[in-house]
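To keep things clear, I will list the structure first and then write my remarks on it.
Every number in this text was worked out from the coordinates using simple rules, so none of it is lab data. Note that this is a predicted model, so its numbers are computed, not measured. Note that each Cβ is placed from the backbone with ideal geometry, even for glycine, and that neighbours are counted across all protein chains shown.
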Amino acid sequence: MTATSVRPARTEGERTRVRRNRKAPRAARWRRAVTPVLLVVVWEGCSRAGILPPDKLSAPSDVLAAGWRLAAEGTLWVNLVDSLLRAVIGLAVGGGLGLALGSIAGLLRIGDDLVDPPVQMARMLPHLGLVPLLLIWVGIGEPLKITLVALGAFFPVYLNTYSGIRGIDERLVEAARTCGLSAAARLRHVVLPGALPSLFLGLRLAFGAGWLSLVVGEQVNADSGLGFMMMEAREFAQTEVVVLGLVIYALLGLLSDLALRTLEGRALAWRRGLEAS
Amino acid sequence: MAARSGGELSEAAPAADAASDTAVVDARGITRAYGDRLVLDGIDLRIGKGEVVALLGASGSGKSTLLRIIAGLDSGADGEVRTSGHIAVVFQEHRLLPWKRVADNIALGLRGPDLAQRTAAALAEVGLADRGRAWPAELSGGQAQRVALARALVREPDLLLLDEPFAALDALNRLRMQALFFRLRDEHDFAALLVTHDVNEALLLADRLLVLEDGRIAEDTAVTLPHPRAQDDPAFGALRRHLLTRLRVPLLPDQS
């Protein structure tokens with residue numbers, strides 16, 4: 001290489017480094033916690049002062065105490081495990097089906113023609129509205145809850161798998177062909193990683209829809225699970241347990257989303273470069 | 001041999017007859033129509049070993065279509081294409097996989113125990129030895145196109161197909177890439193089909209110029225100017241004027 005070949009590599013690297021420093025500094029991040037903490041403090045204060053009647057909304061400290069008591073008794077864990085089990089099985093069944101059918105419809109023309117129309121039609125049904133029919137079909141036991149979660153998870157995974165595969169840049173597939181990649185290798189090196197961002201989006205939506213379906217399913221008729229715990233507490237006017245159930249649902253949603261985002265960040269490390277440039 | 005089998009492009013693997021011994025591409029009667037519009041109308045094209053052929057033409061004249069047919073990317077063409085040896089393609093866009101690091105993009109689809117060394121060598125040849133671990137999104141346009149060139153080179157092609165490879169680059173990067181291409185060609189001695197709309201580029205790099213017009217090859221000129229070629233060489237200027245006239249580009253503003 002002659003002296004004419006300059007290397008803009010250095011300046012490029014510096015630019016990305018500068019951009020990455022733009023992340024909020026520590027102080028600014030703590031500032032974001034101020035309002036939520038303040039809200040909880042005000043809530044507690046209002047309860048203590050008697051402005052919030054305890055039979056309508058319990059104080060945060062009462063909710064915590066109820067959580068401690070139920071955890072010590074073991075009731076909380078039994079119900080939590082039952083709920084989690086339903087969520088995991090439902091997500092696995094619905095997500096698995098969504099992934100399989102979405103891939104068939106996305107990859108094969110005949111799959112698109114045969115699979116996509118009925119799925120698009122079924123998508124228009126609000127799946128939670130199917131509860132009466134499902135009660136007739138599968139009764140009020142475990143299958144009802146799992147079916148609801150699976151239905152909630154299926155559509156986001158299917159739709160995003162399908163659109164992820166369809167959205168892949170045809171020119172990249174062509175370039176891979178000129179590099180001598182077989183159809184199977186193109187699937188592995190081009191289609192799968194290309195569809196992955198969309199797949200993760202589908203999964204996150206599926207988790208959200210799955211939790212929602214679980215809440216509804218468990219409150220319809222159940223003899224265990226977080227929803228059952230809440231409904232039972234309502235009958236005994238234990239507002240703090242009802243609120244506790246809500247808090248745990250929220251925490252579960254938050255934790256699952258966080259886990260998925262961590263996984264996404266690892267799997268899609270190449271996109272950080274995109275954001276920086 | 002000139003069997004134009006009904007509707008399909010027949011591809012014959014390494015040529016056996018004596019006439020094709022020294023050719024990396026021997027295409028006969030290439031015809032391609034999009035609906036009623038005939039884009040290529042019976043093109044014959046032969047590229048010898050180590051020969052750089054530039055394909056010029058107005059936009060929409062079918063230059064890229066012809067390249068894609070030779071690359072085996074167009075299944076709707078008629079005629080016969082015989083190729084021998086490895087073919088690699090460089091497109092106008094770099095077409096690197098954004099989810100693979102630069103080195104993995106270069107090694108895409110290759111196998112072998114010395115793959116890492118070959119990849120590193122190809123990167124070094126295009127002047128990016130230290131960028132193997134970078135993501136494509138972290139590269140500038142010129143760097144990405146160099147990586148695309150390295151991805152083609154590492155395959156040790158007998159024929160390099162280049163579809164307006166430098167057209168999307170700025171003027172300075174384009175000159176650098178042209179110099180790089182010339183140097184690499186000198187070292188590796190591959191044949192090349194260079195599709196371009198840049199007459200200067202064609203004159204700088206090619207051994208032979210083809211002008212595509214109305215679906216046929218309207219001009220087939222050998223460029224005998226000695227290397228390194230300079231644009232201020234009178235012979236260069238004369239050939240350039242001739243080609244621009246052929247392409248119906250007015251040489252002076254008042255001729256338009």
Under a point-charge model restricted to the Cβ atoms of Lys and Arg (+1) and Asp and Glu (-1), what is the dipole moment magnitude of the stretch A:66-266 relative to its Cα centre, in debye to the nearest 20?
660
In order over the stretch B:119-124: 3J(HN,Hα) from phi, Karplus 6.51/-1.76/1.60, θ = phi - 60°, whole Hz, x for each Gly or Pro, gives 4, 4, 5, 5, 5, 5
Table column - 3J(HN,Hα) (Hz), the stretch B:235-246, Karplus curve with 6.51, -1.76, 1.60, x for Gly and Pro
5, 4, x, 5, 5, 5, 4, 4, 5, 4, 5, 4
Inter-chain shielding of B:238-250 (mean C-beta neighbours from other protein chains, 10 Å cut-off):
0
Segments B:101-109, B:42-50 sorted - mean Cβ within 10 Å per residue, highest first:
B:101-109, B:42-50
Restricting to the stretch B:148-256, compute how many DSSP beta bridges are antiparallel as a %, nearest 5.
55
Are there trypsin sites (Lys or Arg not before Pro) in the stretch B:112-175 that DSSP puts in a loop and that have at most 13 other Cβ atoms within 10 Å, and which ones?
B:R133
Volume per residue that the Cα convex hull of the stretch A:66-266 spans, once the total is divided by residue count, Å³:
126
Across A:168-181, the residue-averaged tally of Cβ atoms belonging to other chains within 10 Å stands at 6
Of A:154-162, A:208-216, ordering from highest average Cβ density within 10 Å down gives A:154-162, A:208-216
Over all Cα pairs of the protein assembly as shown, how is the pair count split among 10 Å bins, expressed in % and running from 0 up to the last occupied bin?
3, 14, 19, 18, 15, 11, 9, 7, 4, 1, 0
The stretch B:123-168 and the stretch B:195-256: distance between their alpha carbon centers, rounded to Å
27
Please list, ordered by chain and number, the residues whose modelled amide H lies under 5 Å from the amide H of B:L212; skip anything fewer than 5 residues away on the same chain.
B:L56, B:G57, B:A218
Mind putting together the pair-distance distribution for chain B? All Cα pairs, 5 Å bins, whole percent per bin, short to long.
1, 6, 13, 16, 18, 16, 13, 10, 5, 2, 0, 0, 0
Can you tell me which aspartates and glutamates have their Cα less than 13 Å from the Cα of B:K100? Leave out same-chain residues fewer than eight positions away.
B:E138
Tell me, which longest segment in chain A has none of the trypsin sites (Lys or Arg not before Pro) that fall in DSSP loops with at most 15 further Cβ atoms within 10 Å?
A:57-277
Roughly what % of DSSP beta bridges within the protein assembly as shown run antiparallel, to the nearest 5?
50
Among B:L159, B:I217, B:A134 - extreme Cα towards positive end, dipole of the stretch B:98-256, charges at beta-carbon:
B:A134
Of A:V216, A:H189, A:A259, which is farthest on the positive side of the dipole of the stretch A:162-277, counting Cα position, with +1 on Lys and Arg Cβ, -1 on Asp and Glu Cβ, and the Cα centre as origin?
A:H189
Which residues qualify? For B:V89, with a placed amide H closer than 5 Å and at least 5 residues away or on another chain, they are B:L161
Aspartates and glutamates whose Cα lies under 15 Å from that of B:K63, excluding same-chain neighbours fewer than 8 positions away
B:D41, B:D44, B:D74, B:D163, B:E164, B:D198, B:E213, B:D214, B:E219, B:D220
Determine the dipole magnitude for the protein assembly as shown: charges of +1 sit on the beta-carbon of Lys and Arg, -1 on that of Asp and Glu, nothing else is charged, the reference point is the Cα centre, and the result goes in debye to the nearest 20.
1760
Once you put a point 7 Å from the Cα of A:D55 and another 7 Å from the Cα of B:E187, both along the Cβ direction, what distance in nm separates them?
8.7
